[in-house]
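Beneath this line is the structure, given in structure tokens, with notes to follow.
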Protein chains: 2
Amino acid sequence: MNPIAFPTHWPVIAHADAPQSLIGQLRERFGSQLSTSMAVREQHGRDESPFDVPPPSAVVFAERTTDVEDAVRLCAQFETPVIAYGAGSSIEGHLLAVKGGICIDVSRMDQIVSLNAEDMTVTVQPGVTRKQLNEAIKDSGLFFPIDPGADASIGGMTATRASGTNAVRYGTMRENVLALEVVTANGERVRTGTRAKKSSAGYDLTRLFVGSEGTLGVMTEITVRLYPTPEAISAAVCSFVSISQATETVIQIIQMGIPIARVELLDANTVRMVNVHSKLALREEPMLLMEFHGSPASVKEQAELVQDIAADNGGNAFAWSATPEDRTRLWTARHNAYFAAIQSKPGCRAVTTDVCVPISRLADCLLESIDEANASGIPYFLVGHVGDGNFHFGYLIDPGVSAERDTAEALNRRLVERALRLGGTCTGEHGVGLHKIGFLEQEAGSAAIAVMRAIKQALDPRNIMNPGKIFAQL
Amino acid sequence: MNPIAFPTHWPVIAHADAPQSLIGQLRERFGSQLSTSMAVREQHGRDESPFDVPPPSAVVFAERTTDVEDAVRLCAQFETPVIAYGAGSSIEGHLLAVKGGICIDVSRMDQIVSLNAEDMTVTVQPGVTRKQLNEAIKDSGLFFPIDPGADASIGGMTATRASGTNAVRYGTMRENVLALEVVTANGERVRTGTRAKKSSAGYDLTRLFVGSEGTLGVMTEITVRLYPTPEAISAAVCSFVSISQATETVIQIIQMGIPIARVELLDANTVRMVNVHSKLALREEPMLLMEFHGSPASVKEQAELVQDIAADNGGNAFAWSATPEDRTRLWTARHNAYFAAIQSKPGCRAVTTDVCVPISRLADCLLESIDEANASGIPYFLVGHVGDGNFHFGYLIDPGVSAERDTAEALNRRLVERALRLGGTCTGEHGVGLHKIGFLEQEAGSAAIAVMRAIKQALDPRNIMNPGKIFAQL
């Protein structure tokens, strides 16, 4: 696959090979846990973002916290960058070695450290993936709701403040991480938070590290909240003639305080792609895909209320998926929207983006963005966690045609500017990475960026923790 | 009332008068908005904590953000401390001018800046109190749930990461503050967050300022989430023979995922005090006071489930308070527990404290702490937001008897050490202030404290923002 060249208006790539003496010391300390093979380096030098950057100089496969401490300490001595790597599912370029350095792969740190079922918390190592976690705890009657689509690692999800389809009810990683163990830039182990559900004890370091994208430290243990597996689950789909009707339905669901567990929007164009890919026969109209969790009575009540609201807003073909098989088929189709889109244009790559706006501005933001995408001639997919005002566009471009890439980048830029104008944020759940450095500056303003930079400088004075991400020229 | 002397093992008080030239410049800028009268200074030099510290040198009554900016900028020039003051309801000494300085009273900044009912958010100035906010929005069908008991200011609640009785369902200020405007130590205005419900855009500065107790900046605007006023509310009380039965009931309620809105514990001794003060006839046994929010059907279902759980755990006298009047009377009695306690020992003062533990350890923590308090001979009250594992002790001491104060401090110390041993935190919702500086060190450990100090130093290099709080020797 032909990678897309790094756009010229982005931060300068200052890739440098790590010093051979550092590699030597790492080899001495880590033996076969260190790899300098080009295949391994290249695998760790990319993520789901479509950009082309030279790979890191070596990969350390950490198996325990002391491995991370020692690797960071050695890199600190040589002022060499450190990039943590979990499942590699980032889509904003978080994992790229734009300034060179050593990758610390934590995927072998995949143990459940302790499950506290009575308190509904679990502590895991960073390489545990969300599916692995749910499999490991399935007999406890509990589940971990955060679902960004990909089978991401809990470490990566913490680092990017991930969320996904269930966030409308259960919150994001911001709300669900209770405590962390982090190795900071000097190779020291810091513990933040406790297993207590709330605390007023000092600065909220947990929340500072959540979403810091590897720029302040490498997470080595994460304690998250779990939830009781719902007694009853039901799902429904409903089609609408217009996006506005669908979003109005969502606004009313939220305003009535109905504790809907998932409410996803697909536009007609994306439903069409999903139908082809998953061999479904959904009406090719704007569609809400919903899920309700609770007691049987409460699920029934929620669903009936939602059905009434949808009908009031012109919703038609409100359909239940009563069986777990039906439900799984629908949600699998939703999660495969990305692949459905990719397959709709052979050889294409997706330039994906996400924004989040106050829900009252959702219809405006969506409609203008759809019009603009249609006018551009670039095919796209659109899926939204619309209960939170969050949605994704993926622009399907031919990587060999630079005009298509430029058009996609222009669409992305106008989408983000629109979201900011409407009181929203440049990324609801993907993170800043490389792609949104300029947009973060627009959103936060120079005073807030100065505060972030001051924190970065205070905690990582040598600038070795995933440098070149979040901020320009750091 | 005889204030309690500052315990000798606490940080050294280094009170110094502000330079006369600073006072002169403040007078020039602020005119009648500045007061140096001893009565005003003394009123602003204490809070609900029982300690005796000289007052600030002057009080600026800020009316707008530019007032705060100018006051901070002038103080920064003279390296003079700045202490923000809202409703004065802190109980851990946050407002005391331990290093002298200027108090910025923001209580006149009491405007609702903008209500966005459709998005269920509101932006307020910091001096708005929680009752004022709920009064102002009562026609919108929305309410602000965070209820720390006192009619605290939203600014103060943000600064201490407050919560209270509704947090078990609606979360704390950590979960409910979306965005802030803050004046930082150089007098600059910083905006954090947006009105979007979630974001992955850069460091979570909002969460960093929430709970920073005035040590990183003065909040000048706060955007918080609102919730639909529940269609139906019902309350119930239930008595138990033992604390363990009550806590087991709570654990099961939470584990079943019942969305209870409030679940408060009072021990038999506190119920007795409340009965006397509020002329009630509650059974003088450990008691849970509960509230359910939702649709009429869901409230009924929740309450029936809870009644069953309580009965399984030996609960008796499960009683409904069907009418709003009944409900108000019960909750008023609960909120007056503090005053009920104070009146039970004429002339006493309360040394109050709060801790929060994982809910599975709640019974252990409570039972040992109650035994210890009973053995000490010091009367006390005990109320708990037990759905979160959070509870308060207030030790009722004669301020003229230093042995009583020492005993209360020893009880507090052992309570906190127990909470930490059980995986909890030294304060669930009061904050660190002065009183818990040492306990925060125990809880967080030296590496995490070093990270907090590095942040403080980076954002406030002259150490003028509420110095002497949270950390020793800063």
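Tabulated results
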quantity: Highest-first arrangement of A:347-357, A:31-41, A:67-77, where packing means the average Cβ count within 10 Å; calculated: A:347-357, A:67-77, A:31-41
quantity: Cβ-based exposure ranking for A:Phe240, B:Phe209, in which fewest neighbours within 10 Å come first; calculated: A:Phe240, B:Phe209
quantity: Built amide H within the under 5 Å cut-off of A:Ala87, gap 5+; calculated: A:Ser153, A:Gly156
quantity: Principal axis box of chain A, alpha-carbon based, largest edge first, Å; calculated: 68, 56, 43
quantity: For the stretch B:1-151, share of DSSP beta bridges that run antiparallel, in % to the nearest 5; calculated: 40
quantity: For residues of A:348-360, the mean tally of beta carbons on other chains within 10 Å; calculated: 3
quantity: Projected label distance in nm at A:Ser242 and A:Gln442, using a 7 Å step from Cα toward the beta-carbon; calculated: 2.7
quantity: Inter-copy label distances at A:Gln343 (7 Å, Cα→Cβ; nm, one decimal); calculated: 7.3
quantity: Distance between the stretch A:144-162 and the stretch B:79-124 - C-alpha centres, whole angstrom; calculated: 36
quantity: Least to most buried among A:Met173, A:Met256, A:Met287 (fewest other Cβ within 10 Å first); calculated: A:Met256, A:Met287, A:Met173
quantity: Residue-averaged beta-carbon neighbours from other chains (10 angstrom radius) around B:110-116; calculated: 1
quantity: Net charge, B:Ser163 excluded, C-beta distance under 12 Å - Lys, Arg +1, Asp, Glu -1; calculated: +2
quantity: Taking the stretch B:24-127 and dividing mean pair separation by its residue count, relative contact order in percent (alpha carbons under 8 Å, at least six apart); calculated: 28
quantity: In degrees, nearest ten, helix B:402-421 long axis to first principal axis of chain B (Cα); calculated: 70
quantity: Other copies of A:Arg329: label-to-label distances in nm, shortest first, labels 7 Å along the beta-carbon direction; calculated: 5.9
quantity: Quotient of Cα Rg and 2.2 N^0.38 Å for the stretch B:232-338, N being how many residues it contains; calculated: 1.00
quantity: Ordering of A:178-188, A:428-438 by burial proxy (mean other Cβ atoms within 10 Å per residue, highest first); calculated: A:428-438, A:178-188
quantity: Residue-averaged beta-carbon neighbours from other chains (10 angstrom radius) around B:183-195; calculated: 5
quantity: FRET efficiency, B:Arg64 to B:Asp139 (Cβ-Cβ, R0 25 Å, nearest 0.05); calculated: 0.40
quantity: The stretch B:27-55 and the stretch B:406-423: distance between their alpha carbon centers, rounded to Å; calculated: 33
quantity: Full-stretch length increase - B:Ala319, B:Leu280 - with 0.36 nm per residue and alpha-carbon distance subtracted; calculated: 12.7 nm
quantity: Inter-part distance where the stretch A:448-474 and the stretch B:230-281 are each reduced to a Cα centre, Å; calculated: 48
quantity: Percent antiparallel among DSSP beta bridges (both partners in chain B, rounded to 5); calculated: 85
quantity: Net charge of Cβ neighbours under 10 Å - reference B:Thr184; Lys, Arg +1; Asp, Glu -1; calculated: -2
quantity: Degrees between helix A:65-77 axis and first principal axis of chain A (Cα, 0 to 90, nearest 10); calculated: 60
quantity: Cross-link pairs beyond the 29 Å C-alpha cut-off, checked among A:Lys198/B:Lys197; A:Lys436/B:Lys138; B:Lys131/B:Lys456; B:Lys279/B:Lys345; calculated: A:Lys436/B:Lys138; B:Lys131/B:Lys456
quantity: Volume of the Cα convex hull of the stretch A:371-474, divided per residue and given in Å³; calculated: 126
quantity: Relative contact order of the stretch B:331-474, defined on C-alpha pairs under 8 angstrom at six or more residues apart (%); calculated: 25
quantity: Computed [θ] at 222 nm, deg cm²/dmol, the protein assembly as shown (DSSP H ≥ 4; -39,500 (n - 2.57); rounded to nearest 500); calculated: -11000 deg cm²/dmol
quantity: Over the protein assembly as shown - Rg/Rh using Cα atoms and the Kirkwood inverse-distance radius; calculated: 0.96
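Bear in mind these aren't lab numbers, they're just calculated from the coordinates by the rules spelled out. Note that the structure is a prediction, hence the values are computed from the model and not measured. With ideal geometry, Cβ positions are generated from the backbone for all residues, glycine too; neighbour counts draw on all protein chains shown.
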